[in-house]
Amino acid sequence: MLLISHDPIDAAALVKAFEEKATGAGGIVTFSGLVRPQSKTGNVETLFLQAYPTMTERGIETAMSTARKRWPVTELCVVHRTGEMKPGDTIVFVAAASAQRRAAFEAADFLMDYLKTEAVFWKREDTEQGTVWIE
């Protein structure tokens with residue numbers, strides 16, 4: 001499952017739904033990324049994330065396909081939020097299920113690395129010092 005949305009992410013509900021879908025898995029790894037209260041530019045008041053849906057989704061789908069080829073995962077889930085968020089809000093949820101725990105950990109780690117370094121998102125931080133677009 002892949003979802004990019006302005007809606008808040010309910011990680012607990014996603015974990016429950018993922019566990020129900022990942023029947024027969026021996027291990028499930030989940031990761032929730034939160035908006036940090038501080039960054040290099042100061043105290044974060046808001047974070048704004050923008051995506052070009054077609055390009056962003058295509059890249060994430062390719063990363064998910066690569067994860068399926070590298071590891072024997074039975075289920076994958078990536079939910080990423082866009083729009084305006086406050087510190088503490090969930091910005092990303094990733095889950096991987098596999099018969100063996102190691103594959104689930106490695107697939108989830110691979111997907112988070114892709115989302116953090118290569119996924120096409122534009123990020124702006126509003127801090128007490130002003131507004132900064134982040135690379």
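Please compare each pair in 69/123; 21/69; 16/123; 69/116 to a cut-off of 24 Å on the Cα-Cα distance and tell me which ones are over it. Kindly include the intermediate steps, with their values, before the conclusion.
Values: 69/123 30 Å; 21/69 20 Å; 16/123 29 Å; 69/116 21 Å.
Among 69/123; 21/69; 16/123; 69/116, the Cα-Cα distance tops 24 Å for 69/123; 16/123.
Under 20 Å of direct C-alpha separation, and excluding same-chain neighbours fewer than eight residues apart, residue 86 reaches these aspartates and glutamates: 7, 10, 45, 125, 126, 128, 135. Would any residue of segment 101-135 have its amide N under 14 Å from a label point 7 Å out along Cα→Cβ of residue 45? List them or say none. Inside the label zone: 125-132.
Counting only alpha carbon atoms, the long axis of helix 11-21 and the longest principal axis of the chain meet at about 20°. Of the beta bridges in segment 73-130, as assigned by DSSP with both residues counted there, near 100 percent are antiparallel. What's the center-to-center distance, using Cα atoms, between segment 95-109 and segment 1-60 in Å? Using only Cα atoms to place each centre, the spacing works out to 17 Å. For segment 58-134, the Cβ-based charge dipole about the Cα centre amounts to some 380 debye (Lys, Arg positive; Asp, Glu negative; other atoms uncharged).
Taking every DSSP helix (H) stretch of at least 4 residues in the chain, weighting each as -39,500 (n - 2.57) and dividing the sum by the residue count yields a mean residue ellipticity at 222 nm of -11000 deg cm²/dmol. Each residue, residue 69 and residue 101, gets one label point 7 Å from its Cα in the Cβ direction; the gap between the two is 2.9 nm. Angle of helix 101-117 to the longest C-alpha principal axis of the chain, folded into 0 to 90 degrees and rounded to 10: 30°.
Would you mind calculating the gained length between residue 34 and residue 133 on full extension (0.36 nm times residue separation, minus the Cα-Cα distance), in nm to one decimal?
Value of the extension gain: 33.8 nm.
The long axis of helix 53-70 is offset from the longest Cα principal axis of the chain by roughly 40 degrees. Rounded to the nearest 0.05, the FRET efficiency derived from the C-beta distance between residue 19 and residue 116 at R0 = 35 Å is 0.90. Over segment 84-135, the alpha carbon radius of gyration divided by the compact-protein estimate 2.2 N^0.38 Å works out to 1.52.
Coordinate-derived values only; no laboratory data. Since this is a predicted model, take the numbers as computed values, not measurements. So basically every Cβ, Gly included, is an ideal-geometry build from the backbone, and we count neighbours across all protein chains shown.
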